[in-house]
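The values are calculated or read from the model by the stated rules, or taken from the named source; none is laboratory data. Everything numeric in this text was worked out from a predicted model, so none of it was measured. Backbone-built Cβ (ideal geometry, glycine too); neighbour counts: all protein chains shown. Note: areas computed on protein heavy atoms with side chains; ligands, DNA, RNA excluded. Shrake-Rupley method; radii C 1.70, N 1.55, O 1.52, S 1.80 Å.
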There are 2 protein chains.
Amino acid sequence: MSRLILALDVMDRETALDIAEKTSKYLHSIKVGWPLIMNSGMEIVKELSSLVPVICDFKVADIPNTTKLIVKTARKFGARGIIVHAFVGSDSLKAAVEEAKDMDVYVVTEMSHPGALEFLQAHTDQMVKLAKEAGAHGIIAPATRPERLKKIRKIAGNLLILSPGVGAQGGSAKKAIEAGADYIIVGRTIYNSDNPEKKAKEIMNEIEEAVF
Amino acid sequence: MSRLILALDVMDRETALDIAEKTSKYLHSIKVGWPLIMNSGMEIVKELSSLVPVICDFKVADIPNTTKLIVKTARKFGARGIIVHAFVGSDSLKAAVEEAKDMDVYVVTEMSHPGALEFLQAHTDQMVKLAKEAGAHGIIAPATRPERLKKIRKIAGNLLILSPGVGAQGGSAKKAIEAGADYIIVGRTIYNSDNPEKKAKEIMNEIEEAVF
């Protein structure tokens, strides 16, 4: 099974479905965010799910009750996974896992933009522990800093690690896998490519070579 | 002008429009969140905006580029304001304010659920300062802890303070206004009332009495 997740950060339904159709056989899943949902509605989650599992990258950061409503609705539209923040605390995290039922919850424990150093990064280790305690399926940790990834891998236990930042942002799939990532998230490098199908296949193979 | 904001946390379009029509003349604005958007699409923002200004409570907590896309799309659908997190750092906050243009950005600096004490609360003062520096329009700070609200008011300068937590969550509109809140956010007490119109009018008057 592929370890490549496509970050489908396009704005409209037609482009999203076109790229998904071309690349799905090389993908573990597709990650969609709010901009696509806002422009095309939650129905896009159902449509994409008929091709490949969908992870809703909603970076939920709300009180437990609202978190539950968001998770429940994502499930209703057929999402396979959902991404939530840990910095809002363990009660919100537990609410997400509880409401997710057979859907996978992935927790943001570190982000790649400069602003993440201001508040988030000091709490990464603690947030990884919270994710484990809450019964999350995995965490999100960027491929752009492999040395941090190694450290996170050590405390993450059985949690899966999904690593964005490969390609346009400068991270290497090989280095991320070697540092302990389980899945690699790639966006622009694939969906902005002249040949998304070929590019997805290439990256899938690159990841496979790093794994074995 | 009313200082009452209705948190319209209902799940479907028809109920949302019905309550908005009944209460709009007593409101400063209506706050909508992701669950309603997921169930009814962003068009609901346009529809509600024809009755009363809409604040999108999206608690955006993403990298600067995705933050921009979310803010831009909210603006496209006619939102008057948007709520973002400060925890993701100053670059994401600045991206929101920049992309908001004539729309108002409100920053979450404190939340009312128990989990908010784990990571968020220790950084409240610094996040209020970030909101000022970024040029935000206001901040969100709960009415459930008036003593904290007073402290936040002192460092918030010209930032508007929007206070949720009044009514079902136990906060008092009068106490929140006295502690320095500019606008009061009320949800269930109004939309679950047998007579939302009467209830909205009552709370609007209660706030007015506290102000003068």
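On the principal axes of its alpha carbon atoms, the protein assembly as shown extends 71, 40, 37 Å, with the longest extent given first.
Of the solvent-accessible surface of the protein assembly as shown, computed with a 1.4 Å probe over protein heavy atoms with every protein chain present, carbon and sulfur atoms account for 48 percent.
Determine the calculated [θ] at 222 nm for chain B from helices alone, applying -39500 (n - 2.57) to every DSSP H run no shorter than 4 residues and normalising by the residue count; nearest 500 deg cm²/dmol.
Values: 10 runs with 97 residues, N = 212.
Counting only the DSSP helices, I get -13500 deg cm²/dmol.
Probing with 1.4 Å while keeping every protein chain in the model, the per residue accessible area of region A:52-143 equals 31 Å². With only Cα atoms counted, region B:1-59 has Rg and Dmax values of 10.2, 31 Å.
Can you give the charge dipole size of region A:61-210 about its Cα centre, rounded to the nearest 20 debye, using +1 on the beta carbon of Lys and Arg and -1 on the beta carbon of Asp and Glu?
Working: 21 positive and 19 negative charges, 19 e Å.
Dipole of region A:61-210, to the nearest 20 debye: 100 debye.
For B:LYS129, the label point sits 7 Å beyond Cα toward Cβ; its separations from the matching points on the remaining copies run 2.8 nm, from shortest to longest. Using a 1.4 Å probe over protein heavy atoms, the accessible area lost on pairing B with A, summed over both chains, comes to approximately 3200 Å². Spread over its residues, the convex hull of the C-alpha atoms of chain A is 109 Å³ per residue. Between A:LEU160 and A:GLY138, A:ILE139, the built amide H atoms are under 5 Å apart, and every one of these is 5 or more places off in sequence or on another chain. With contacts taken as Cα pairs under 8 Å at a separation of at least 6 residues, region A:61-210 carries a relative contact order of 16 percent.
Label-to-label distances for A:ARG188 across copies, nearest first, come out at 4.4 nm, using points 7 Å from Cα in the beta-carbon direction.
Summing +1 for each Lys or Arg and -1 for each Asp or Glu among the other residues whose beta-carbon sits under 12 angstrom from that of B:LEU36 gives -4.
Of interest is the spacing of the C-alpha centroids, which for region B:11-28 and region A:166-189 amounts to 46 Å. About the centre of its Cα atoms, the protein assembly as shown shows a dipole size close to 620 debye [charges on the beta carbon of Lys, Arg (+1) and Asp, Glu (-1) only; nearest 20 debye].
Within region A:27-43, the residues that become at least 30 Å² less accessible when every protein chain is included than when their own chain is isolated (1.4 Å probe; DNA, RNA and ligands ignored) are A:TRP34, A:PRO35, A:MET38, A:ASN39.
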